[in-house]
Amino acid sequence: MKALFILLLTFNFSLGSYAQHAIEISTDKTVSLSFPAQVSYIDLGSSQIDARLVGPGSKVVLVKALEKDFVPTNLTVVTSGDEVFSFTIGYHPSPVKDRIDIPAKVVAAASYAAGIMDNGRSAMGMVHNRDGLYAQVRGIYVLDSILFFHLKVANNTSLVYDIAAIRFLVENKKSGKRVASQEQVIPVRSMEGAYRRVPHMGNAVMVAVLPKIALTHNQLLQIEVVEQNGSRNLQLKVPPHKLAKAIQLPAY
C-alpha cells in the first residue's frame, strides 16, 4: 500500500468534501443535488429514501424521503470519470436547502487505480497457469461503492499475447453455471495499465474498476482474460470470502 499512499499525498486534496456532511431531506420537499459531471451510478443505503436522475445523462439527482423520521443512512453517487461521492442522508421536516451544488473532487477512481498499479501482492490463491501464460489477482480494494481488482498477466512464450477483453461474471460455485440474471456480467467501468497486450517473455499489470457487488456463499466471481484471435483464454475465480476481505482505501 506504500506506493498508493505516496501517490495520494501528491494531490491537492479538497477538504470540503460532502462525504463528512449530512444532507437533510423530507417527505414533502425534494432536494436536488447538482454534480460536476454526468451521473452513471446511484447506490441507496436504505429503502426509506429515493434518489433518481432528472433524465438520461443528467448531472442532477433528486432525493426525497419515503418515510418520516428514518434512521440516517448513506447515499453514494458515481459520475463519469469514476468520481465517487458519498453522503450521509438525514430526515428534517423542513430542509433549509432544496438545491445543493456538489464541487468536483480532486481524486477520482482512476487516480486510485493508478496508485494501486505499483502495489505488492496482497491477495493469495487466485491464479491460473496454461500454455506458458500465468494470470493472478494481486489484490482487491474497495472505496465506497467501487471495487478495484489488481491483476497481472505473465507471458512466458515467444508469442505476443493480445487481450481482446477482460470480463467479470458471476457463476454458481457448485454447478459452474453462470447466474441467469441481468447482473450475470458485471460491467467494467474503466481499466488502468497494460490491459491490451502482454509482450513475449514479459508481463503486464492492470487495475479494473467495477461497481460494488456482493456474492452469496454458493457463488463465485469469474474473471476471464480473452485472447485476441486466439484461444489461450485465462480464468480466475474469486470466492466470496476473498471479496469480503477487500482492502479499504482511504477516502479524500
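The values are calculated or read from the model by the stated rules, or taken from the named source; none is laboratory data. No experiment lies behind these values; they were computed from the predicted model shown. Virtual Cβ from ideal backbone geometry, glycine too; neighbours counted across all protein chains shown.
Residue count for region 51-108 under the criterion of being assigned to a strand (DSSP E or B), touching a residue at least 60 places away in the same chain (Cβ under 8 Å) and touching a helix residue (DSSP H, G or I) at 6+ places or on another chain (Cβ under 9 Å): the result is 7. Kindly evaluate Leu151 against the criterion of being crowded, with 17+ Cβ neighbours inside 10 Å, at pLDDT 95 or above and either farther than 30 Å from Asn203 by Cα or assigned by TED's automatic domain parsing to the domain that holds Ile223 (or both). In short, yes. Checking each residue in region 31-63 for being surrounded by fewer than 16 Cβ atoms within 10 Å (Cβ to Cβ) and over 23 Å from Asp82 (Cα atoms) picks out only Ser47.
Restricting attention to region 135-142, does a residue exist that is more than 21 Å from Asp82 (Cβ to Cβ) and in contact with a strand residue (DSSP E or B) (Cβ under 8 Å, 6 or more places away or on another chain)? The answer is yes; a qualifying residue exists.
Within region 135-166, the set of residues being in contact (Cβ under 8 Å) with a residue 60 or more places away in the chain and among the charged types (D, E, K, R) comprises Arg138, Asp144, Asp162. Pairing each residue of region 114-134 that is modelled with pLDDT of 95 or more with any residue that is among the β-branched types (Val, Ile, Thr) and part of a loop (DSSP other than H, G, I, E, B), provided the two are 6+ apart or on different chains, yields C-beta distances under 6 Å for Gly132/Thr157.
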